[in-house]
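Student: Here it is, the structure, as structure tokens.
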């Protein structure tokens, strides 16, 4: 009887720790993933609008649009990392709409890795804005 | 004799494992809640920034600019530019005063962009307090109507 009891706490703790890591991963890692996704979405919303507002049907307008996107100071990963690999696309007539994609925002996974999760999780975002938006009259 | 020694072991084991478990739970609750609040702030600031970008910029006097900023702060805090007196904030305990609005002007004195950020907001997450200043922040290009000679209604 005594022999069987030995080591029980160790086993119980190990099992509980794995479950604990999974729960911590759900709260911590998913929290960061959702924030990163939201930050990326807010960024592409603003960037698409910035790009669309510069369009005038010329190549120079598209250059100004790309510069306006590059100038935006927004960051992700709790406001610490700059967006990289941002893609800015335009309508064929160069004046109707702009589409901004932030494709490679890779959130590093902390806890879920320990229970079989991936090392990084990518949260892309994209937005389209019309060049002549509806303006609030207020 | 043996039984009492064994139950002492169990007490120590419980104490050690409980210390680990409780700190894990406390950390999970604290970070989970803080991340949730931060996410809500990102949403509120993003929506407020978009509102600011599309809103008519009236500037017949400083009071008009100030009134415009009040409307933007209210939009971030309450989701409404003219909230009812008993309106509840979109994010727990967020006050309009904790929202900062800055206009970026171009060379000709017209608004080019607007930045909206959170200042001095604290999250009380049961086991610890986090303070956000300058984050989250957005900058939107100004795409609204520029009306330098109109006054706010």
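The values are calculated or read from the model by the stated rules, or taken from the named source; none is laboratory data. Every value quoted in this text rests on a predicted model; they were computed, and no experiment measured them. All Cβ positions, even for glycine, are placed from backbone atoms using ideal geometry, and neighbour counts span all protein chains on display.
Student: Can you confirm whether residue B:134 is exposed (fewer than 15 other Cβ atoms within 10 Å of the Cβ), out of contact with any strand residue (DSSP E or B) (no Cβ under 8 Å at 6 or more places or on another chain) and assigned to a loop (DSSP other than H, G, I, E, B)?
Tutor: Here the answer is no, as residue B:134 does not meet what is asked.
Student: Can I ask one more? Here are some conditions: (1) within 12 Å of chain B (Cβ to nearest Cβ); (2) touching a helix residue (DSSP H, G or I) at 6+ places or on another chain (Cβ under 9 Å); (3) closer than 30 Å to residue B:112 by Cα; (4) in a helix (DSSP H, G or I). Residue A:79 meets all but one. Which one does it not meet?
Tutor: With (1) within 12 Å of chain B (Cβ to nearest Cβ); (2) touching a helix residue (DSSP H, G or I) at 6+ places or on another chain (Cβ under 9 Å); (3) closer than 30 Å to residue B:112 by Cα; (4) in a helix (DSSP H, G or I) applied to residue A:79, the lone miss is (4).
Student: Can you tell me which of A:42, A:107, A:88 is outside any helix (DSSP H, G or I) and either over 14 Å from the mean Cα position of the chain (by Cα) or free of Cβ contacts under 8 Å to residues at least 60 places away in the same chain (or both)?
Tutor: On inspection, the qualifying residue turns out to be A:88.
Student: Please pick out the residue among A:72, A:21, A:55 that is touching a helix residue (DSSP H, G or I) at 6+ places or on another chain (Cβ under 7 Å), within 13 Å of chain B (Cβ to nearest Cβ), closer than 16 Å to residue B:46 by Cβ and at pLDDT below 90.
Tutor: On inspection, the qualifying residue turns out to be A:72.
Student: Being touching a helix residue (DSSP H, G or I) at 6+ places or on another chain (Cβ under 7 Å) and farther than 29 Å from residue A:83 by Cα is true for just one of B:52, B:87, B:147, B:71. Which residue is that?
Tutor: The match here is B:87.
Student: Which of the numbered conditions does residue A:77 fail, given that it passes all the others? Conditions: (1) within 13 Å of the chain's Cα centre (by Cα); (2) without any contact (Cβ under 8 Å) to a residue 12 or more places away in the chain; (3) under 19 Å from residue A:26 (Cα atoms).
Tutor: Tallying (1) within 13 Å of the chain's Cα centre (by Cα); (2) without any contact (Cβ under 8 Å) to a residue 12 or more places away in the chain; (3) under 19 Å from residue A:26 (Cα atoms), residue A:77 fails exactly one: (2).
Student: Output the number of residues of the stretch B:34-54 satisfying the condition of being within 9 Å of chain A (Cβ to nearest Cβ) and in contact (Cβ under 8 Å) with a residue 60 or more places away in the chain.
Tutor: Counting residues in the stretch B:34-54 that are within 9 Å of chain A (Cβ to nearest Cβ) and in contact (Cβ under 8 Å) with a residue 60 or more places away in the chain gives 9.
To keep it simple, each residue is scored yes or no on (1) crowded, with 19+ Cβ neighbours inside 10 Å; (2) on the phi > 0 side of the Ramachandran plot; (3) touching a residue at least 60 places away in the same chain (Cβ under 8 Å); (4) within 11 Å of chain A (Cβ to nearest Cβ).
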residue: B:25; (1), (2), (3), (4): no, no, no, yes
residue: B:56; (1), (2), (3), (4): no, no, yes, yes
residue: B:67; (1), (2), (3), (4): no, no, yes, no
residue: B:94; (1), (2), (3), (4): yes, no, no, no
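Student: Return yes when residue B:82 is within 21 Å of the chain's Cα centre (by Cα) and without any contact (Cβ under 8 Å) to a residue 24 or more places away in the chain and no when it is not.
Tutor: Values: within 21 Å of the chain's Cα centre (by Cα): yes; without any contact (Cβ under 8 Å) to a residue 24 or more places away in the chain: yes.
So residue B:82 passes the test.
Student: Do you know which residues across the stretch A:85-97 are more than 13 Å from residue A:59 (Cα to Cα) and touching a strand residue (DSSP E or B) at 6+ places or on another chain (Cβ under 6 Å)?
Tutor: Step one: list which residues in the stretch A:85-97 are more than 13 Å from residue A:59 (Cα to Cα), which gives A:85-88, A:96-97.
Passing the criteria: A:86, A:87, A:88, A:97.
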